[in-house]
Amino acid sequence: MQSKQQIEAQVRQWLTENWDPESNLVEWRSMLAQSGWGAANWPEEYFGKGLSAEMSTAIEDVFAEFGAVGTAQTGVRMLAAVTLLEHGNHEQKRQYLKRILTGEDHWCQLFSEPGSGSDLAGATTRADLDGDEWIINGQKVWNTSAHHANYGLLIARSDWDEAKHKGLSYFIIDMHQPGVEVRQLRQMNGHASFNEVFFTDARVPRENIISTPGNGWNVAMTTLAYERRSFDRSRDNKRSKQKGRIFVELKKELDISNEPYTWYPQRAGRVDLIMQRAEETGAINDPVQRQDIARLHILSESAKWTAQRAKAAQKAGKPQGPEGSLGKLAASEVGRLAARVHTTMSVNDALLTGPDSVRDGVIAEILVSVPAGSIAGGTDEIQRNIVAERVLGLPKETRFDEGPFRNVQRNSAAKDSGK
């Protein structure tokens, strides 16, 4: 087994021989994927080196030393990658993983529905097998960047006579085919990050099911575990400011990938602005407001340290722990308290928008964006249930939705689709 120093030396040698900032971005990443250094912790047969997560982090540090661009990491594509690596078959991995690393394909997540938001197992979008194809009918909502996506990760109900968690299947669906309609949604903060997607007799080849029919719930748990663990992931584009053709192309990619997330700092509450605003408004001299400010910073720092522990565990290759749900809950609490502190300090001015408003409308945007943090990626109530039942081992709530799904009471539109 090679040492860390030997691996780093090999990476430096490879970069010395191949790195060129004037390269075409896709061509560079294609070469990087074939080398295995772009996703070194992936299996060797799937564009990796079979190395540990810790060793992969060391390789990333060498890339940073060179200022070299790595493989594509932004957007839902990495949710697709980890899901395929764990549950996909050989053909699916060979077909999709490379183009995920090169950034040629954009992906979206098609989980939530109008009638079953955080109740993923209550999905009523239906998948009916017709020969060698699945016919998809239904609606999804809150789908980030679906209007840019080439492919979607789709949960649909393939068996209405099974229990709700057992009748789901997980598909890869072509977003550009007939029968798929994507509509952007305008949010109250002025952004349009999300979409609703309608399926009308859309067709999915039989080979595009991930795992087996009826195992969609287990596959989805892999996707969601990674999503929650990366809830506070960075989306900066500092490297795009470097010189060279590859960085120009990288900036264009990041502008598209990061656009839906430009309001996410406001969703998190902008704790970084609290002390500045306290000085500007004089709130720093108010003993009551100082207590709220101190409490906010304590909570924020505690959440940051928990996230750092989770990242350290991930880099060490340890399995996902409770940090994902705990971090998600902490982010919601921080956001709500930050919004309250901002409101208390700015008073009526917090409601103003436009160029003459406080911080060019940023404070107002915080107030209308923070509630999304308690919903996106699973509501606070769902996260508390996960922590209570799976971490603390508390008794599960009484269920009223067992038995064949077609007999489970739900809204009339969803019930009709199961007939």
### Whichever residue in the range 355-398 is without any contact (Cβ under 8 Å) to a residue 12 or more places away in the chain and hydrophobic (A, V, I, L, M, F, W, C) and, among such residues, is surrounded by the most Cβ atoms within 10 Å (Cβ to Cβ)
ALA388
### Message
Looking for something hydrophobic (A, V, I, L, M, F, W, C), over 21 Å from ALA225 (Cβ atoms) and either assigned to a helix (DSSP H, G or I) or at pLDDT 95 or above (or both) - is there at least one such residue anywhere in the range 78-86?
### Response
no
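Restricting attention to the range 130-140, does a residue exist that is aromatic (Phe, Trp, Tyr), within 19 Å of ARG203 (Cα to Cα) and not assigned by TED's automatic domain parsing to the domain that holds LYS166? Talk me through it step by step, then tell me what you get.
Taking the range 130-140 first, the residues aromatic (Phe, Trp, Tyr) are 134.
Okay, now just the ones that are also within 19 Å of ARG203 (Cα to Cα), so 134.
The next check asks that each one be not assigned by TED's automatic domain parsing to the domain that holds LYS166; those that pass are none.
Within the range 130-140, not a single residue is aromatic (Phe, Trp, Tyr), within 19 Å of ARG203 (Cα to Cα) and not assigned by TED's automatic domain parsing to the domain that holds LYS166.
Every residue in the range 331-349 that is more than 30 Å from the chain's Cα centre (by Cα) and aliphatic (A, V, I, L, M), please. Quick ask: steps written out before the conclusion?
We begin by selecting, within the range 331-349, every residue more than 30 Å from the chain's Cα centre (by Cα); these are 344-349.
Within the range 331-349, MET345, VAL347 meet the criteria.
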### Query
Where residues in the range 146-171 are under 19 Å from PRO114 (Cα atoms) and aliphatic (A, V, I, L, M), which of them is farthest from the chain's Cα centre (by Cα)?
LEU168
### Query
Could you list, in sequence order, the residues of the range 235-252 that are closer than 22 Å to ALA149 by Cβ, modelled with pLDDT of 90 or more and not aliphatic (A, V, I, L, M)?
GLU249, LYS251, LYS252
#### Entry: Index of the failed condition, PHE405 passing every other in (1) within 24 Å of SER193 (Cα to Cα); (2) of a type outside the set (Lys, Arg); (3) in contact (Cβ under 8 Å) with a residue 12 or more places away in the chain
(1)
### Query
Restricting the search to the range 380-394, which residues are at negative phi and either touching a strand residue (DSSP E or B) at 6+ places or on another chain (Cβ under 8 Å) or small (Gly, Ala, Ser) (or both)?
ALA388
#### Entry: Residue satisfying all of: in the range 399-414; surrounded by 15 or more Cβ atoms within 10 Å (Cβ to Cβ) and part of a helix (DSSP H, G or I); modelled with the lowest pLDDT among these
ALA414
### Task
Tell me which residues, restricted to the range 242-263, are more than 17 Å from GLY67 (Cβ to Cβ) and either in the same structural domain as ALA339 (by TED's automatic domain parsing) or not in a helix (DSSP H, G or I) (or both).
THR262, TRP263
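Does the range 64-92 hold any residues that are over 20 Å from the mean Cα position of the chain (by Cα) and either closer than 28 Å to GLY377 by Cα or crowded, with 19+ Cβ neighbours inside 10 Å (or both), and which are they?
Keep residues of the range 64-92 that are over 20 Å from the mean Cα position of the chain (by Cα), which gives 64-69, 89-92.
Listed by number, the residues that qualify are ALA68, VAL69, ASN89, GLN92.
Kindly indicate whether any position in the range 215-234 is in a loop (DSSP other than H, G, I, E, B), closer than 19 Å to THR125 by Cβ and at pLDDT 95 or above. If you could, list the steps in order and put the result at the bottom.
To start, the set of residues in the range 215-234 that are in a loop (DSSP other than H, G, I, E, B) comprises 215, 230-234.
With closer than 19 Å to THR125 by Cβ added as a condition, the list becomes 215.
Within this subset, residues satisfying the condition of being at pLDDT 95 or above are 215.
Looking for residues that are in a loop (DSSP other than H, G, I, E, B), closer than 19 Å to THR125 by Cβ and at pLDDT 95 or above, one finds at least one in the range 215-234, hence yes.
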### All positions within the range 10-37 that are more than 14 Å from GLY244 (Cβ to Cβ) and either modelled with pLDDT under 95 or outside any helix (DSSP H, G or I) (or both)
GLY36
#### Entry: Selection status of ASN143, touching a Leu at 6+ places or on another chain (Cβ under 7 Å), under 22 Å from SER118 (Cα atoms), part of a loop (DSSP other than H, G, I, E, B) and of a type in the set (S, T, N, Q)
yes
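The values are calculated or read from the model by the stated rules, or taken from the named source; none is laboratory data. This structure is a prediction, so every number in the text was calculated from the model and none was measured. Glycine gets a Cβ as well: all are built from the backbone with ideal geometry, and neighbour counts include every protein chain shown.
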